[in-house]
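Beneath this line is the structure, given in structure tokens, with notes to follow.
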Protein chains: 2
Amino acid sequence: MADKKKMVRDITSRDEDFAKWYTDIVKKAELADYSSVKGCMVVRPYGTALWENIRDTLDAMLKQSNHENIMLPIFIPEGLLQKEKDHVKGFAPEVAWVTQGGSEKLSERLCVRPTSETLFCEHFKTVIHSYRDLPKLYNQWGNVVRWEKTTRPFLRTSEFWWQEGHTMHETAQDAKEETLFILDLYAKFLEDYLAIPVIKGKKTDKEKFAGAESTYTIEAMMHDGKALQSGTSHYFGDGFARAFDISFQGRDNKPAYPHQTSWGVSTRLIGAIIMCHGDDDGLVLPPAIAPTQVVIIPVAQHKEGVLERAEQLLNELKQVCRVKLDDSDNAPGWKFSEHEMKGIPVRIELGPKDIEKGECVAVTRHNREKHIIPLSEIANEIPKLLKEVHDGLYAQAKENLQSHTYKAHSMDEIMDFAKNKTGFLKTMWCKNLECEMYMKEKAGLTSRCMPNEQEELGDVCPICGKKAETMIIWGRAY
Amino acid sequence: MADKKKMVRDITSRDEDFAKWYTDIVKKAELADYSSVKGCMVVRPYGTALWENIRDTLDAMLKQSNHENIMLPIFIPEGLLQKEKDHVKGFAPEVAWVTQGGSEKLSERLCVRPTSETLFCEHFKTVIHSYRDLPKLYNQWGNVVRWEKTTRPFLRTSEFWWQEGHTMHETAQDAKEETLFILDLYAKFLEDYLAIPVIKGKKTDKEKFAGAESTYTIEAMMHDGKALQSGTSHYFGDGFARAFDISFQGRDNKPAYPHQTSWGVSTRLIGAIIMCHGDDDGLVLPPAIAPTQVVIIPVAQHKEGVLERAEQLLNELKQVCRVKLDDSDNAPGWKFSEHEMKGIPVRIELGPKDIEKGECVAVTRHNREKHIIPLSEIANEIPKLLKEVHDGLYAQAKENLQSHTYKAHSMDEIMDFAKNKTGFLKTMWCKNLECEMYMKEKAGLTSRCMPNEQEELGDVCPICGKKAETMIIWGRAY
């Protein structure tokens, strides 16, 4: 087990230095690497395989609900970006500008898209003419660039990969329903596939997307009690449609402006998975999106029959899960820690004695529990075990969320939380910006969301003492 | 049928004006649209679905042969691009330069990647240390930018989508084998999935990739007899490895440079599909990558039982192919031409009389043949029919290729071809640049490739009369 200790020593402990533990995992699990391009990362094969599973799963859910994919240009001409005032104000300070193409100095600068509302609007104008053309339910998988000063792999990088949905609807009601439909879909995706419980809610005006009428969010809690905004869904009203002069002939033959939404999740979700489920031995992956769900490790593999039986097991399991056989000549101990680092949900150990008894040992990564499984039952038992792992991960994350969620009714209680605790803090709020700013300055807390599931914590805003308008959740965020 | 005539009138005839016919199809089949970004296109949902099928099919073939996906930055710092001399000379004139990030003027310009050899090399340097780390078989799906002066959707656009494989090997032999392995894989992909026959061969030194030792190509012939370079595979030797100082400890414990390849196919393949199979009624899609393989069109759908039976048919066919039911209230004639324009391989017509007889009519798009199929046999017969369509498309394209391939033994024969024919011209060649340039100037022909399957057409270069070194194929290219 010397090898194992060596590997473990290489990771900072999660409780000692969470930030360093995080970057250690990114490197050691071979998810990503730095590049010489400021703020941009290389997503390595293991990280890419993880992202592809996230993409393909979510993509199927979006297609199932009649969304279509589309591919738009990487560049936005400066004039196009400027068409919607709030939007350009929000994004212009953080974009990369192309000023030269080949040997030609451009007459109009192009920004590398930080998000594609403006490009979608330009295209919508050419394809929307009548109410019969609505809704348009478009989605794009791609890369975007935002010039970030401080970057961390997956959590905040100058270039990241994401999906951005952009939809146009006949009525405001339809668009609002889409905004919330996607919020629910995102929440379901995180809970059912990433094993991450989330809180759904609305962002404050201060925190909403540049150009949106309202922004909804799913907020997840990381193991350290900090919040990660994991996906957002925006309702635009007809603001962009008016700015881009997109109109359609309505059922009453009169011209009307369509109503719009946009929504996205990104490679940031990989950061959420790391920080929600990982531990001191490395990554812990939810089975639904793990590139390898089960790894078979032969014990005493030089002994007669062991490798043959392991290969037979591999072929049986291939029918029911994503499985690999590690028959390299590394020591079993080294293999154990290697695959633990990579967060493979289930490890199967198979040695001569197991074969004799007609069984194998399955160890679940997240809780180290050993399960003796008859080899004849393996194709039935492993899918059940993977489901148990998912449920276990979800329960663990839910417990962390619930035990780190607090309520406050006064500034004293707020300050007590700010000084002594981490997690989410629920309070009432008057909806005034001053109180939101005060929380940031005095308590170091930012608004996460006004949750869809409201609770009654009195009728007074504890910050200013005036009438409360809503319950709100505060926290420290990535 | 008035509707149908109307739509057909909207497309230029293929024989009248091939270039205009091409752009008409791109627009009318809703594959792509123009954008306000110079040279960049919007790939619409139908074009994107087609590209996703191409991507997913090829991706599975690459993964099957142990290639792994990876995601690298969109930007290349100027200094990094300059590390390999021939490479920068080839690409610097056609890249887009980012000079400003947010409010900050960059101290070093970044180009938007035109291809990623340099980024891969930078990453390889950090992950290759020992012969045990080899081979590295990496692939990336993404977008690249080359500042093109004249653009046409899919064929040549300033931004395009592609896969770029980059591999590193222990020996030159291994790298050369990979180069040819991929060339064969590309040829198989085009033939088995896109129904496009290709000629495999080696590019001349003049035409090879900037920085490569040798470039291999698959050349396809379009319906108009012009060539389309449809995929390339490059062998780099250790040139980049030396330029980037990438070395590994060999089996003999001595440091060595790894040997490299790169290879790619792009959204240009969609152009190949259009120009190889399309006709005067629109697009014709090979079944393997058609977003919809079969469309069911109910006839007299208001009559009792028709829609119900059509839906039953839909559900049965969903088990064996990608199928849609068009129960919109458009007239059947309008539906026929709409789905013909979109190139859907098989149309099923189902009316009250068909139902009475227990059969339906399946019409294959590429040859308009009608097939009467018993409804009880539909799940068996449709996959067979799709296979027939594929074989029919392939045979048609092969016939076009063969009947437009000529041989010449003298300048007279070459000039006769140049003046009176279109297609591929085989000649011997001395391998001198002067003769290659002369062919371009005098005959308007460019070298396509020195085919892997050589033929003996004498021992003299017909251009200069000197000793021939190889058989070569000339043509006019997109």
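Computed from the coordinates by the stated procedures, all read-outs in this text should not be read as laboratory data. Note that this is a predicted model, so its numbers are computed, not measured. Reconstructed Cβ throughout: ideal geometry from the backbone, glycine too, with neighbour counts over all protein chains shown.
Just to check your reading of the model, which residue among A:79, A:47 is within 25 Å of the chain's Cα centre (by Cα), more than 7 Å from every other protein chain (Cβ to nearest Cβ) and either assigned to a helix (DSSP H, G or I) or surrounded by fewer than 22 Cβ atoms within 10 Å (Cβ to Cβ) (or both)? Step through it out loud before you land on a result.
On the way: A:79 fails: within 25 Å of the chain's Cα centre (by Cα).
After ruling out the rest, the residue left standing is A:47.
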- request: Answer with yes or no whether residue A:441 is assigned to a helix (DSSP H, G or I), among the acidic types (Asp, Glu) and exposed (fewer than 14 other Cβ atoms within 10 Å of the Cβ).
  value: yes
Exactly one of B:362, B:395, B:379 is among the small types (Gly, Ala, Ser) and buried (at least 16 other Cβ atoms within 10 Å of the Cβ), and that residue is B:362
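Restricting to the range B:370-386, name every residue that is part of a helix (DSSP H, G or I) and in contact (Cβ under 8 Å) with a residue 12 or more places away in the chain.
Initially, the range B:370-386 is screened for residues part of a helix (DSSP H, G or I), giving B:375-386.
Of everything in the range B:370-386, those that are part of a helix (DSSP H, G or I) and in contact (Cβ under 8 Å) with a residue 12 or more places away in the chain turn out to be B:375, B:376, B:378, B:379, B:381, B:382, B:383, B:385, B:386.
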Of the residues in the range A:221-247, those that are under 28 Å from residue A:89 (Cα atoms) and in a strand (DSSP E or B) come to A:227, A:228, A:229, A:230, A:231, A:232, A:233, A:234, A:235, A:236, A:237
Taking the range B:406-436 and keeping residues surrounded by 14 or more Cβ atoms within 10 Å (Cβ to Cβ), under 27 Å from the mean Cα position of the chain (by Cα) and touching a residue at least 40 places away in the same chain (Cβ under 8 Å) leaves B:407, B:422, B:423, B:424, B:425, B:426, B:427, B:436
Would a scan of the range A:213-220 turn up a residue that is within 14 Å of chain B (Cβ to nearest Cβ) and either in contact with a Cys (Cβ under 7 Å, 6 or more places away or on another chain) or free of Cβ contacts under 8 Å to residues at least 12 places away in the same chain (or both)?
no
Only one of B:142, B:165 is in contact (Cβ under 8 Å) with a residue 24 or more places away in the chain, of a type outside the set (Lys, Arg) and out of contact with any helix residue (DSSP H, G or I) (no Cβ under 9 Å at 6 or more places or on another chain), namely B:142
Picked from the range B:25-44 (must be within 7 Å of another protein chain (Cβ to nearest Cβ) and not polar (S, T, N, Q)), the residue surrounded by the most Cβ atoms within 10 Å (Cβ to Cβ) is B:43
Over the range A:60-76, the set of residues more than 9 Å from chain B (Cβ to nearest Cβ), in contact (Cβ under 8 Å) with a residue 24 or more places away in the chain and not aliphatic (A, V, I, L, M) is A:65, A:66, A:67
Test result for residue A:115, part of a helix (DSSP H, G or I) and touching a strand residue (DSSP E or B) at 6+ places or on another chain (Cβ under 9 Å): no
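Among the residues of the range A:331-359, what is the count of those that are in contact (Cβ under 8 Å) with a residue 60 or more places away in the chain and of a type outside the set (D, E, K, R)?
To start, the set of residues in the range A:331-359 that are in contact (Cβ under 8 Å) with a residue 60 or more places away in the chain comprises A:331, A:333-334, A:336-338, A:341-343, A:345.
Next, from what is left, pick out any that are of a type outside the set (D, E, K, R): A:331, A:333-334, A:336-337, A:341, A:343, A:345.
Of the residues in that region, 8 qualify.
Conditions tested, residue by residue: (1) surrounded by fewer than 23 Cβ atoms within 10 Å (Cβ to Cβ); (2) within 12 Å of chain A (Cβ to nearest Cβ); (3) closer than 21 Å to residue A:100 by Cα.
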position: B:123; (1), (2), (3): no, yes, no
position: B:135; (1), (2), (3): yes, no, no
position: B:142; (1), (2), (3): yes, yes, no
position: B:163; (1), (2), (3): yes, no, no
position: B:167; (1), (2), (3): no, no, no
Among (1) on the phi < 0 side of the Ramachandran plot; (2) in contact with a helix residue (DSSP H, G or I) (Cβ under 8 Å, 6 or more places away or on another chain), residue A:211 falls short only on (1)
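Taking the condition surrounded by 19 or more Cβ atoms within 10 Å (Cβ to Cβ), in contact with a helix residue (DSSP H, G or I) (Cβ under 7 Å, 6 or more places away or on another chain), touching a residue at least 40 places away in the same chain (Cβ under 8 Å) and within 17 Å of residue A:381 (Cβ to Cβ), does residue A:294 pass?
Judged against the criteria, residue A:294 is a match.
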Residues of the range B:270-291 being more than 15 Å from the chain's Cα centre (by Cα) and surrounded by fewer than 22 Cβ atoms within 10 Å (Cβ to Cβ), in sequence order, are B:279, B:280, B:281, B:291
